[in-house]
Amino acid sequence: MRLGVFLIDCTELRNKLRQRIYDISGEVYRLLLERIKKDNEKLSKAIDSIIEKLRTEPTDIESMTAQLEYADHGVNVEMESINTRISEVMQKMDLLSTMNYRMAYEDFQKSWQIYSKPLAVKYRQQKCIRNIEQYHRKQFSDELTRSHDELLVEVQEIGWKFEKYTIYSRLTEVDVASQKFARLGERLDKAQQHADLINSRELLLKWKPTDFSELTSIRESFLPYYKVWTLARNFNCTVPTLLTGPLASIDKKLATEEIEGAYDELQRLEKNEFKNNHRILKLVQEVRGMYGEFRKYLPLINGLRNPDLRERHWQKVGEATNISNLNDSFDGSLQKLLDCGIMDRLSDVTEIS
């Protein structure tokens, strides 16, 4: 290169610049190719995931409906995004071609295999929809019909059992009756869950929901009987423990809620559901009487189980009732105190506590 009267040799500089450009171009090619490979891997995984979802066999009406919704709509939404990403990667490949860079044949082949996968998705999408409409829908519809018929039989049997169990009316039958009503209650709960499931599946298939009002009617009639026998059984389980167990183990809040709640519920049943059923009404009155008899001990329990009682309070209670060794560590039972006549001085106990 001539600069005025000077002749400058730029060959070395020119070569260095060319090498620098070559090195930079190589780095650009490498980064671009690396980006293409990573994008292709992500695209391949995303497309394979879609195909795998479409291949999954539905196991029930819910999964069939979800899969049909996915095949009809979800796949199209996902593939729209994937096709956009494929176009972006192809633009990068075009850029390499414009820059006169040739990809390795293996990389080029893998890329085009990935870009042809949307066709496989389309095929699998159509096959999935066809299988659901031609096979799975009929399969699950038949299963739902059988399940529906089985439930109707179960509802009838539950109704017969309930009518049979209503003959129980004596307090001496509490163990047998409470167990039978408890088991029947479990069957009713399962039947109701089954009915709800059937109705939800009928809606998914766009069928008219079955009217299971007979099951609802049985449940409404069953619950009052179940409550009476359950409360009678609970009394036999709870009250003896309250009477004979250590006084210090009694939870006054829990005991009060249980006894008062049972008494109020039995009183409600007596005035409403069983007011005209004299045979069961007598049982309800007997059970309410049992709770009522124990109910009079609740003020005593609440007084003696007051957490704010101190040694001086216990001393005053002992003096008022003439019961020795009465303190916060008293290990006797409520029954022991009752046998000592503590109820005769209930007003003193409640006043002190």
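The values are calculated or read from the model by the stated rules, or taken from the named source; none is laboratory data. Please read these numbers as outputs of a predicted model, since none were measured by experiment. Cβ sites come from the backbone with ideal geometry, for glycine too, and all protein chains shown count toward neighbours.
Okay, here's what the table says:
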{"quantity": "Test: Y263 is crowded, with 18+ Cβ neighbours inside 10 Å, more than 28 Å from A191 (Cα to Cα) and not hydrophobic (A, V, I, L, M, F, W, C)", "calculated": "yes"}
{"quantity": "Condition met for I218 (of a type in the set (V, I, T), within 24 Å of I61 (Cβ to Cβ), modelled with pLDDT of 95 or more and assigned to a helix (DSSP H, G or I))", "calculated": "no"}
{"quantity": "Qualifying residue in segment 321-337 (condition: in a helix (DSSP H, G or I) and at pLDDT below 70)", "calculated": "yes"}
{"quantity": "Failed item in (1) touching a Ser or Thr at 6+ places or on another chain (Cβ under 8 Å); (2) under 30 Å from E57 (Cα atoms), with D149 passing the rest", "calculated": "(1)"}
{"quantity": "Among residues of segment 136-155, those that are farther than 17 Å from A66 by Cβ and of a type outside the set (D, E, K, R), counted", "calculated": "7"}
{"quantity": "Residue, surrounded by the fewest Cβ atoms within 10 Å (Cβ to Cβ), within segment 266-275, restricted to residues that are assigned to a loop (DSSP other than H, G, I, E, B) and not basic (K, R)", "calculated": "N272"}
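Condition check ((1) surrounded by 13 or more Cβ atoms within 10 Å (Cβ to Cβ); (2) touching a Leu at 6+ places or on another chain (Cβ under 9 Å)) across all residues:
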{"position": "L231", "(1), (2)": "yes, yes"}
{"position": "F235", "(1), (2)": "yes, no"}
{"position": "V239", "(1), (2)": "yes, no"}
{"position": "G245", "(1), (2)": "yes, yes"}
{"position": "K252", "(1), (2)": "yes, yes"}
{"position": "N277", "(1), (2)": "yes, no"}
{"position": "V284", "(1), (2)": "yes, yes"}
{"position": "K296", "(1), (2)": "no, yes"}
{"position": "L300", "(1), (2)": "yes, yes"}
